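K.L.:
Below you will find the structure I want to go over with you.
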Amino acid sequence: MIPFDYRRAVDVDSAVGAVTDPEVAFLAGGTNLVDRMKLGVAAPRVLVDINRLPLDEVEQLPDGGLRIGATVRNSDLAAHPIVRQFYPVLSRALLSGASGQLRNLATTGGNLLQRTRCSYFQDVSTPCNKREPGSGCSAIGGFTRQHAILGASEHCVATHPSDMAVAMAALDAEVLVRGPAGHRVVPVVDLHRLPGDEPQRDTVLSPADLITAVDLPPLPPGSRSLYRKVRDRASFAFALVSVAAVLRVEQGVVRDVRIALGGVAHKPWRARRAEDVLRGSPVGDDVFRRAAEAELADAKPLGDNAFKVPLARNTVVSALRELSREER
């Protein structure tokens, strides 16, 4: 048993003030943090419980967008009528993650901040630069079926596990953060980092930065969205490849498109190159395939995951084909 202290925050400012060093951590659903504590990957000396803070509401914004509190549970968010009607990509992503029991506990903020499920990261008997900077990456030269094909470095080839974060990247969501320096807004596409030479840093946040909410902008009229996840089994499995796509077609031409990929990088991967190819082009499998290939041109698969390149290409094409058919 590794001892730790427990504190219950009474308001946002006291929660932020309680995190005085990296060994103090916020606790919400705990579905990832507690697992890492059990494995010995994380050993916080203090847990600051934020579950009693007023961060569990979903509300419409004056511009027609949606504000999602940081402690809104994944099950509640997936079932919310506004999310189901206007942001189906997000509802589908949430329902494809974990199990019903875990979704009942997992929170919006915690889902964004969950750490990789790389088996080497979770095994404290193996070297891992994410756990111990400078110790080496056991995945390189090891079993890499689940690992990154985009944006990796010589120090880390892990992938980000969140389905929800991929959908939010495609929705241009913004993360509201309260920290020691005050309030700030971080676009979700900028929240997570590629590993570079600091793979231990998953996000741009400091330990004392508390996510308080996520804002979703309204989608342009006529937009349709979906989330498609390819995995080894039908439930409780992380994505080999996933695609979140938002598409607006007028008279057979792509007017607006947003695509994010999961299971391929250290962060949700916004497919900007593919979007540039698609925008202003007539819909059709040829242009869909050309867009996917442009996005994957710099892919660097490892020994066990070369299949992810054609899998990602085909999943992008399939998702866009479905959305374009709905548009007609």
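The values are calculated or read from the model by the stated rules, or taken from the named source; none is laboratory data. Note that this is a predicted model, so its numbers are computed, not measured. No Cβ is skipped: glycine too gets one built from the backbone with ideal geometry, and neighbour counts run over all protein chains shown. What goes into the accessible areas is simple: the full protein's heavy atoms, side chains included, and nothing from ligands, DNA or RNA. Shrake-Rupley method; radii C 1.70, N 1.55, O 1.52, S 1.80 Å.
K.L.:
Only residues in the range 9-33 that are surrounded by 13 or more Cβ atoms within 10 Å (Cβ to Cβ) count as the first member; pair them with residues that are of a type in the set (Gly, Ala, Ser) and part of a strand (DSSP E or B), Cβ under 8 angstrom, at least 6 apart or cross-chain, and list the lot.
P.N.:
As it stands, the answer is Val16/Gly179; Val19/Ala25; Leu33/Ala25, since those pairs meet every condition given.
K.L.:
In the set Leu191, Leu112, Leu176, which member is touching a strand residue (DSSP E or B) at 6+ places or on another chain (Cβ under 7 Å) and closer than 19 Å to Gly97 by Cα?
P.N.:
Being touching a strand residue (DSSP E or B) at 6+ places or on another chain (Cβ under 7 Å) and closer than 19 Å to Gly97 by Cα holds for just one of Leu191, Leu112, Leu176, which is Leu112.
K.L.:
Name the single residue, out of those in the range 37-86 being part of a strand (DSSP E or B) and basic (Lys, Arg), that is most open to solvent (accessible area, probe 1.4 Å).
P.N.:
Restricting to residues being part of a strand (DSSP E or B) and basic (Lys, Arg), the top hit is Arg67.
K.L.:
Can you pull out the strands (runs of 3 or more DSSP E) entirely within the range 217-279 that have at least 3 residues that are open to solvent by 40 Å² or more (accessible area, probe 1.4 Å) and basic (Lys, Arg)?
P.N.:
In the range 217-279, there are no strands (runs of 3 or more DSSP E) which contain 3 or more residues that are open to solvent by 40 Å² or more (accessible area, probe 1.4 Å) and basic (Lys, Arg).
K.L.:
Just the residues that are surrounded by fewer than 17 Cβ atoms within 10 Å (Cβ to Cβ) and within 19 Å of Val257 (Cα to Cα), please, taken from the range 294-317.
P.N.:
Asn314
K.L.:
Let me ask something additional. Using beta carbons and a limit of 7 Å, which pairs, at least six apart or on different chains, have the first residue in the range 291-305 and in a helix (DSSP H, G or I) and aromatic (Phe, Trp, Tyr) and the second one surrounded by fewer than 22 Cβ atoms within 10 Å (Cβ to Cβ) and modelled with pLDDT under 95?
P.N.:
Pairs found: none.
K.L.:
Can you pull out every residue in the range 176-207 that is aliphatic (A, V, I, L, M) and open to solvent by 10 Å² or more (accessible area, probe 1.4 Å)?
P.N.:
Leu176, Ala181, Val185, Val186, Val189, Leu194, Val204, Leu205
K.L.:
Select from the range 104-132 the residues that are β-branched (Val, Ile, Thr) and open to solvent by less than 50 Å² (accessible area, probe 1.4 Å) and list them in ascending order.
P.N.:
Thr107, Thr108, Thr116, Thr126
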